[in-house]
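Undergrad: Handing you a structure now.
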Amino acid sequence: MSPGRDGDGPDAERVGAGGVAWSDWGDEAFERARREGKPVLLDISATWCHWCHVMDDVTYSDPEVVRKINRHFVPIRVDTDRRPDVNARYNMGGWPTTAFLNPSGDVLFGTTFLPPQTMSRVLDQVARACAARPEELMLYRVEEPLDESRQLVDGPRRRAGQPPTTLDRGNALAVLDDTLKAALSAYDPEYGGFGREPKFPLVPALDLLLTAHLRSGEHRYLDVVTRTMRAMSEGGLHDPVAGGFFRYSTTRDWRIPHFEKMLADNAELLSLLARLARLTGEETWLETALRTAGYLETWLRQEEGWFAGSQDADEAYYSLDEAGRSAREPPRIDRTLYTGWNALAARAFLQAHLTVADPRLREVALVALEWVWGAARRPDGSIAHYVEGGAPGGPVLLADAAEVALALLDAHEVTGEPEHLERARSVLRGLEQTFGAATPQGGKGGDQPPGDEPAKALYDVAGEGEQTGLLRHRYRDLVASSRAALALLRLADMTRDQEESLWARRAAEGALAGLERAAQRSGLLASDYSLALDWWLGPTVVLETADEALGFVAASAVAGARVVRRAAGGPPGQVLVCVEGRCLAPVAEPAELLRVTREAAERTASTPNSYPGPLAD
């Protein structure tokens with residue numbers, strides 16, 4: 001089976017929805033809008049989105065609405081999973097997004113779901129306004145990048161007076177402290193999770209709190225993680241029949257979920273569950289992890305070994321017991337290979353393998369990662385966002401390259417195979433060329449040697465990407481930059497080449513520098529950024545061994561920042577544990593190795609960069 005959609009994919013949607021003449025996003029549609037003097041109606045939907053289906057059934061199937069759209073607008077439909085770059089620039093607060101644009105792609109008006117009567121009135125109003133004021137509305141252009149409230153930060157043209165793009169250790173600790181405080185402030189002590197309804201898993205925030213526990217020994221950080229995971233696992237967010245987790249809860253107590261299931265969400269949760277099982281030894285985390293892996297294998301894994309992107313929401317189906325479900329058609333699956341999500345799934349199954357030492361789980365991970373490597377790369381070596389019909393498709397995004405690099409580094413640590421490290425190195429070496437731009441003020445990272453070239457900031461899409469609409473602006477996306485920096489920092493600690501290590505660390509600093517203020521404004525949504533800062537601050541524990549069995553133990557260690565070097569030679573049956581250039585006595589016993597690793601990775605008050613202080617009641 002070639003990667004692609006199952007059943008009523010985008011092509012079917014384009015000719016459906018009651019007869020709306022949908023066009024693809026691209027120059028052709030906007031050129032038509034310019035030629036005909038019409039505004040654009042942009043619909044951003046998702047295959048798993050319940051209200052998108054409702055809007056198709058009731059609004060885009062209403063004859064009067066269809067007539068007005070086809071006569072007075074150029075309608076464009078975008079799938080958010082396939083075009084996250086478009087969604088990032090135009091989403092109006094959820095799905096479906098309904099946005100009205102001029103022929104230059106700038107927003108005239110936008111909202112989310114519209115019932116037929118309201119849509120009909122809005123269509124009349126927008127069409128009349130554009131016809132009455134064509135010079136003002138139809139030719140209007142947004143020349144400045146979108147503001148940082150959309151998590152799209154620091155466009156290619158910096159405003160005068162902004163601070164230099166440098167990383168400072170004191171500022172990094174302050175950002176890390178602020179993010180942790182934001183997570184703890186948002187924590188719901190009664191039901192677990194963050195905030196009120198709707199409640200999302202927010203795995204990066206849980207990862208950050210787990211890291212804070214590992215760095216500081218403070219158990220209250222761990223308590224937040226375990227209470228939240230227990231509430232999600234025992235509540236309605238977890239599917240008791242098929243396993244796996246739904247996308248979010250509509251209620252504060254996790255009772256009533258929104259029923260779509262996403263590959264990325266389940267992969268992140270599987271990784272966290274597997275690490276919790278190893279850290280705590282609690283059987284419940286192992287059971288839930290294996291049930292989640294079982295869902296992914298049974299429902300989303302395709303016969304060739306890659307994973308489909310999502311399974312649709314169907315409240316009636318998921319309310320049935322096992323016997324009732326088996327007699328009913330299951331919710332539709334989006335059988336598209338999404339590159340970054342498959343990389344996340346590969347990492348998750350490697351974590352599961354490290355937890356139960358099951359070679360089959362390792363094979364699941366490596367096959368998916370091999371599919372990504374073979375099918376998603378373009379001829380120039382860049383990585384496409386998805387694969388369709390066996391060929392790479394969609395935009396070239398920093399987020400995908402970062403996730404693939406992280407998965408390859410994981411695969412090298414677990415297997416010891418040098419090919420995975422070489423592939424990760426090639427992806428990371430290409431980041432600056434594909435996504436980089438020199439920081440205008442030439443700021444240098446804290447550890448950059450004097451006289452070296454300034455590090456480059458990384459932007460969300462490839463430098464030679466399309467220029468349609470607001471895609472003419474590239475942005476420094478907080479999450480994607482953080483994930484790329486984390487991969488670079490891991491390479492810097494994993495490599496034995498000092499020159500490569502300095503380059504990778506400097507490149508990571510370029511990706512992170514200048515985003516501190518955006519992170520502070522983002523609260524707990526800056527968790528990925530703070531995780532990267534945590535690694536940058538150190539200490540990192542380097543575990544070096546030529547022993548296969550101890551290499552597995554080293555890779556399974558749940559600690560703060562740690563990497564595994566697979567030595568070509570060296571004494572058998574031992575692991576060399578090194579921290580910030582200082583190596584401890586070799587370790588031969590697995591239990592002792594785990595203990596030493598966790599202790600070495602702690603950041604205590606006696607170190608130059610102690611972890612953020614004690615928690616307030």
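Undergrad: Hey, any idea what the orientation-averaged projected area of the convex hull of segment 168-210's Cα atoms comes to, in nm²?
TA: 3.3 nm²
Undergrad: Also, I was wondering about something else. Report, to two decimal places, the Cα Rg of segment 189-375 normalised by 2.2 N^0.38 Å (N = number of residues).
TA: Cα Rg divided by the expected 2.2 N^0.38 Å: 1.01.
Undergrad: I need the chymotrypsin sites (Phe, Trp or Tyr not before Pro) found in segment 516-579, filtered to DSSP loop residues with at most 16 other beta carbons within 10 Å of theirs.
TA: Numbers: sites: TYR529, TRP535, TRP536, PHE552; in loops: none.
Sparse-neighbourhood loop chymotrypsin sites (Phe, Trp or Tyr not before Pro): none present.
Undergrad: Sticking with this structure for a sec: In what sequence, highest mean first, do 325-335, 378-388 appear when ranked by Cβ atoms within 10 angstrom?
TA: Working: 325-335: 15.6, 378-388: 18.5.
Top to bottom by mean Cβ count within 10 Å: 378-388, 325-335.
Undergrad: Hey, could you pull the Cα Rg and Dmax for the chain, both in Å?
TA: Answer for the chain, Rg first and Dmax second: 24.6, 81 Å.
Undergrad: Give the long-range amide H neighbours of GLY393: residues separated by 5 or more places, or on another chain, with amide H under 5 Å away, using H modelled in the peptide plane at 1.01 Å from N.
TA: HIS385, TYR386, VAL387, GLU388
Undergrad: As a check on your grasp of the helix formula, calculate [θ] at 222 nm for the chain: sum -39500 (n - 2.57) over DSSP H runs of n ≥ 4, divide by the residue count, round to the nearest 500.
TA: On the way: 24 runs with 288 residues, N = 617.
Estimated from H runs of four or more residues: -14500 deg cm²/dmol.
Undergrad: Could you give the Stokes-Einstein D for segment 297-425 in µm² per second, using the C-alpha Kirkwood radius, 20 °C, 1.002 mPa s?
TA: Working: Rh = 15.6 Å.
Estimated via Stokes-Einstein, D reaches 137 µm²/s.
Undergrad: When only DSSP loop residues count, what GluC sites (Glu not before Pro) in segment 256-285 have their Cβ near at most 15 other Cβ atoms within 10 Å?
TA: Details: sites: GLU260, GLU268, GLU282, GLU283; in loops: GLU260, GLU282.
Loop-located and lightly packed - GLU282.
Undergrad: Taking amide H positions as placed in the peptide plane 1.01 Å from N, state which residues far from THR251 in sequence (5 or more) or on other chains have amide H under 5 Å from it.
TA: Here LYS199, ILE256 satisfy the definition.
Undergrad: Further, regarding this structure: Over what distance in Å are the Cα centres of segment 252-282 and segment 295-338 separated?
TA: Here the two parts' Cα centres lie 17 Å apart.
Undergrad: Please give the charge dipole size of segment 10-143, origin at the Cα centre, charges +1 on K and R Cβ atoms and -1 on D and E Cβ atoms. Round to the nearest 20 debye.
TA: 380 debye
Undergrad: Another question, if that's okay. If packing is taken as the average number of other Cβ atoms within 10 Å across a peptide's residues, how do 389-398, 541-550 rank, most packed first? Please list the in-between numbers first.
TA: Details: 389-398: 18.9, 541-550: 20.5.
The densest-packed peptide leads the list: 541-550, 389-398.
Undergrad: Isolated Cys in the chain by the 4.7 Å beta carbon test?
TA: CYS130
Undergrad: Let me ask something additional. Once phi is turned into ³J(HN,Hα) by the Karplus curve 6.51 cos²θ - 1.76 cosθ + 1.60 with θ = phi - 60°, what whole-Hz value does each residue of segment 247-253 show in order, with x for glycine and proline?
TA: 6, 7, 9, 7, 10, 4, 8
Undergrad: Can you give the % of DSSP beta bridges in the chain that are antiparallel, to the nearest 5?
TA: Given both bridge residues lie in the chain, the antiparallel proportion sits at roughly 75 percent.
Undergrad: Go through segment 42-54 residue by residue and turn each phi into a ³J(HN,Hα) via Karplus (6.51, -1.76, 1.60, θ = phi - 60°); whole Hz please, and just put x for glycine and proline.
TA: 9, 10, 9, 10, 8, 5, 8, 8, 4, 6, 5, 5, 4
Undergrad: What is the calculated FRET efficiency for GLN467 to ARG67, with r their C-beta to C-beta distance and R₀ = 30 Å, to the nearest 0.05?
TA: On the way: r = 32 Å, r/R0 = 1.08.
Result of the calculation: an efficiency of 0.40.
Undergrad: Applying 1/(1 + (r/R0)^6) with R0 = 22 Å to the Cβ-Cβ distance of VAL54 and THR111, what FRET efficiency is obtained, to the nearest 0.05?
TA: On the way: r = 15 Å, r/R0 = 0.68.
Efficiency at R0 = 22 Å is approximately 0.90.
Undergrad: On to the next question. By average Cβ neighbour count within 10 Å, what is the ranking of 485-492, 474-481 from highest down?
TA: Working: 485-492: 27.4, 474-481: 25.5.
Ranking, from highest mean packing down: 485-492, 474-481.
Undergrad: How far apart, in nm, are the 7 Å Cα→Cβ label points at ARG128 and ARG595?
TA: It works out to 7.9 nm between the two label points.
Undergrad: I've got another one for you. Once R0 is set to 30 Å, what does the formula 1/(1 + (r/R0)^6) return for the Cβ-Cβ distance between GLN498 and ALA549, expressed as a FRET efficiency to the nearest 0.05? Present the calculation step by step, with values, prior to reporting the outcome.
TA: Values: r = 29 Å, r/R0 = 0.98.
E between GLN498 and ALA549, to the nearest 0.05, is 0.55.
Undergrad: Also, quick follow-up: For segment 166-221 and segment 383-417, compute the distance between their C-alpha centroids and round to whole Å.
TA: 28 Å
Undergrad: Give a residue-ordered list of calculated ³J(HN,Hα) values for segment 98-109 (Karplus: 6.51 cos²θ - 1.76 cosθ + 1.60, θ = phi - 60°; whole Hz; x for Gly, Pro).
TA: With the stated coefficients, segment 98-109 comes to 10, 10, 10, 10, 8, x, 8, x, 8, 7, 8, 6 Hz.
Undergrad: Something else about it: So which lysines can LYS456 reach, going by Cα to Cα under 27 Å and dropping same-chain residues fewer than 8 places off?
TA: Answer for LYS456, where 27 Å is the Cα cut-off: LYS444, listed by chain and number.
Undergrad: Counting only Cα atoms, I'd like the Rg/Rh figure for segment 10-143, Kirkwood definition for Rh.
TA: Taking Rg over the Kirkwood Rh, I get 0.93.
Undergrad: In addition: Taking the C-alpha atoms of segment 206-309, how large are the radius of gyration and the largest Cα-Cα span, Dmax, in Å?
TA: For segment 206-309, the Cα-based Rg and Dmax read 14.1, 44 Å.
Undergrad: Between HIS219, MET232, LEU300, whose Cα lies farthest towards the positive end of the dipole of segment 189-375 when Lys and Arg beta carbons carry +1 and Asp and Glu beta carbons carry -1, centred on the Cα centre?
TA: Ranked along the dipole, the leading option is HIS219.
Undergrad: List the chymotrypsin sites (Phe, Trp or Tyr not before Pro) in segment 195-297 that DSSP assigns to loop (not H, G, I, E or B) and whose Cβ has at most 14 other Cβ atoms within 10 Å. Which are they?
TA: Values: sites: TYR221, PHE245, PHE246, TYR248, TRP254, PHE259, TRP285, TYR295; in loops: PHE246, TRP254, PHE259.
Here no chymotrypsin sites (Phe, Trp or Tyr not before Pro) fit, given the DSSP loop and packing criteria.
We did not get these values from a lab; they are worked out from the coordinates using the rules stated. Keep in mind that this is a model prediction, so the values were computed, not measured. So basically every Cβ, Gly included, is an ideal-geometry build from the backbone, and we count neighbours across all protein chains shown.
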